[in-house]
Amino acid sequence: MPYAEIELSLNPLGQSLYQVELRITDPTTDALRSPAQGRATLNPDTFADLETTPLEYGRLLATQVFSTPEVQKDWAEALAAFRAKDLEIRLRLRLASGDITLQSFRWELLTDLNGDLALSTSKEIHFSRFLSSRDWRNVKLCPRQGLKATIAIAAPTNLQESLNLAPIDIAKESEPILAALKDVETTLLPHPLTFKSLTEALQTSPDILYLVCHGMVIDNNPILCLADDQGLASITAAKDLAAEIARLDPPPRLVVLASCQSAAPSETTLATLLAAAGIPAVVAMQGNISMASIQAAMPLFFEELLKDGQIDRALSTARFEVRDNHDAWMPVLLLRLKSGRIWYDPGFSAPNSTNDFWGDLCLQIHAGNALPIIGPDLVVGASSEIALKLATEEGFPLSPADRNDLAKVAQYLAITKGIDYTRNAIQQAILNQKPANFDPIAKLPLSAFINATAHGKILTSLKGQNKKPLAILSKWRRTPTNPSPVAPQIEASEFSVDRPLVYSIFGDCQVPDHWVLTEDDFFDFTVSASQYKLIPPHVSSLFCTRSLLFLGFSLDSWIFRALFRMIMMQEGISLQQGKTHIGVQLDPEDARFTDPERARKYLINYFASTRRGSRGEPQIDVYWGSSVDFLNQLTDELAKRPNLSNTQTESEYADR
């Protein structure tokens, strides 16, 4: 279900006066609404006498924040409209960074205008604070089945006598969490928990880190109480742990700090340090939270998290559990994930998918009627990660949204550093990548593959399957040795399952003269391909007659867009006949595609064309998951159907 979005921003104007801005996004319409703006007077002294009465504190906070009629009106109307549509609401609070006074208010006590309940404990409103970070790394989710968690509990044996702190019972703290994470690969770190043992454990790349320890703020410096090798208390600066986590690639997706004052208002906290280090979701404590509240809330938080992966919803439920406790307001969620999710379930999510997609696809593969089109992101984020790394290193000055697009970054480098430098830098980055596992594709009993990866690693995998691939590419650029663009000559009789055709449609990075790399290259190649008919006729016929299976593409990349246009330009294209299934992977790690059905409609619109005499929509099935997820599941599905004879499959496919 799509979420309604409300962003509440506060920025200082001086003398306890703040600018309030309310941005509302309705997922049921594409119409944009102008933000409501107003002002609020917030003075900590006004709230001093209400710290022991949470509901009164939250009501006064709401009165101040929603004091402007325009803000109050938009807030009330938005809630009424979303409730009428039965929509859950994601409420993000964006506070001016560095404003300690603003951060000091107990925002998790903020109520609605009627003042009945804190918004952070509502079951329909999922409350978080926007997590500010300058980190540009992609936030990579993983399928639920691949989640890994690490539980770290610091229980020095001399807490009471050395620091006058309550002892920590490892079993009492860990057992409820282990039970809640029973379906997740979870590691409980052994006692004593030292700084070294903690940082070494993080090298195993857990998705979730749950850290239990005593914490405090001394002279505005947050510290943690870990242990030394003898199990005695050892004070660790929070900045040192944050620095170690910042070096991780990838860092944890979620860090839960069951540590007092880990988000206490100060110039720096462990939570804000972790945010700056690139952690996309941090749950921390604003004060000295009791062990009783931790033990009641945190197991429930993890149980709820494993239901749908929604971090803000899970914490709202956990806060509701301890809503009557004096310290229920202390857990705070800092979040910069658009979807609010930490994991996803791979599969076909579009409600209009065919009833038995896997059965249909396996029939087509066994009959030799599928055409894999292999994209540059089959290794998760391969081309986008190369682009992001180069954009960061070379000071790419354009829109942050373009930093992941290799063609755009390559165009910038070609202009500023020259085309030879650009080709060499990107070629080395491609060739130095960890080899992808193309074996699931290479094992398919198919006679042709379209390669859009700019490298020939699929050829290596095909050879490993005792096949003899026939590799071709188009010499599209005019050079001294190639005065006129020409299509490779190939006959249908030359390729087979044992000798499959591999057409590198955008060239190969090791043949730089005919490598389609920059934005200009894509323009020139598209024109040249149309003018000189560079796609061999037998390859063109494959686009028209086989089921197209896209693997490893970002939907708005230059490669994907150029490839689609070239397919649609082929004579005799028949995708609109309603008989061809097109499997497309929408990677949940790409935050631009949180709604598979809307993405599916986008693809249908991309393919549909009344000018070509279409007869109904093409059957496009959207797979919610990475290409690797898709290939793993495809391998399992094919294994379930090993006995289909070629005669049976061809006959059954013809009947369809």
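The values are calculated or read from the model by the stated rules, or taken from the named source; none is laboratory data. These figures come from a predicted structure and were not determined experimentally. Positions of Cβ are backbone-derived with ideal geometry, glycine not excepted, and every protein chain shown enters the neighbour counts.
Descriptive notes on the structure:
- Subset of region 367-421 [closer than 25 Å to Asn632 by Cα and not in a loop (DSSP other than H, G, I, E, B)]: Ala370, Leu371, Pro372, Ile373, Ile374, Ala382, Ser383, Ser384, Glu385, Ile386
- Within the span defined as region 20-36, every residue fails to be more than 27 Å from Arg336 (Cβ to Cβ) and either exposed (fewer than 13 other Cβ atoms within 10 Å of the Cβ) or under 33 Å from the mean Cα position of the chain (by Cα) (or both).
- Among the residues of this structure, Ile218 does not count as one that is without any contact (Cβ under 8 Å) to a residue 24 or more places away in the chain, surrounded by fewer than 22 Cβ atoms within 10 Å (Cβ to Cβ) and in contact with a strand residue (DSSP E or B) (Cβ under 6 Å, 6 or more places away or on another chain).
- Restricting attention to region 192-215, the residues that are surrounded by fewer than 16 Cβ atoms within 10 Å (Cβ to Cβ), outside any helix (DSSP H, G or I) and not hydroxyl-bearing (Ser, Thr, Tyr) add up to 1.
- Checking each residue in region 463-501 for being of a type in the set (Asp, Glu) and either over 19 Å from Leu444 (Cα atoms) or buried (at least 18 other Cβ atoms within 10 Å of the Cβ) (or both) picks out only Glu491.
- Top-ranked residue in region 282-293 [being of a type outside the set (Ser, Thr, Tyr) and in contact with a Pro (Cβ under 9 Å, 6 or more places away or on another chain); ranked as surrounded by the most Cβ atoms within 10 Å (Cβ to Cβ)]: Ala284
- Residue ID - modelled with the lowest pLDDT, chosen from residues in region 233-247 that are within 20 Å of Pro206 (Cα to Cα) and in contact with a strand residue (DSSP E or B) (Cβ under 7 Å, 6 or more places away or on another chain): Ala238
- When Ser174, Ser205 are screened for being at positive phi, free of Cβ contacts under 8 Å to residues at least 60 places away in the same chain and in the same structural domain as Ser290 (by TED's automatic domain parsing), only Ser205 passes.
- Of all the residues in region 174-184, those that are in a helix (DSSP H, G or I) and either hydrophobic (A, V, I, L, M, F, W, C) or buried (at least 21 other Cβ atoms within 10 Å of the Cβ) (or both) number 4.
- Checked against (1) assigned to a strand (DSSP E or B); (2) touching a residue at least 60 places away in the same chain (Cβ under 8 Å); (3) not assigned by TED's automatic domain parsing to the domain that holds Val65, Thr187 passes all but condition (2).
- Members of region 291-308 found to be among the small types (Gly, Ala, Ser) and farther than 21 Å from Ile342 by Cα, listed by number: Ala292, Ser293, Ala296
- Test for Ser384: is it surrounded by fewer than 18 Cβ atoms within 10 Å (Cβ to Cβ) and out of contact with any His (no Cβ under 8 Å at 6 or more places or on another chain): no
- Options Ala40, Ala80; residue that is in contact with a helix residue (DSSP H, G or I) (Cβ under 9 Å, 6 or more places away or on another chain), surrounded by fewer than 21 Cβ atoms within 10 Å (Cβ to Cβ) and not polar (S, T, N, Q): Ala40
- Unique residue being farther than 26 Å from Gln411 by Cβ, assigned to a loop (DSSP other than H, G, I, E, B) and modelled with pLDDT of 90 or more when the list is Arg477, Arg499: Arg499
- Of all residues in region 268-279 being surrounded by fewer than 24 Cβ atoms within 10 Å (Cβ to Cβ) and either outside the structural domain of Ile223 (by TED's automatic domain parsing) or touching a strand residue (DSSP E or B) at 6+ places or on another chain (Cβ under 9 Å) (or both), the one that is modelled with the lowest pLDDT: Thr268
- Just one residue in the set Asn221, Asn164 is in the same structural domain as Met298 (by TED's automatic domain parsing) and at positive phi; that residue is Asn164.
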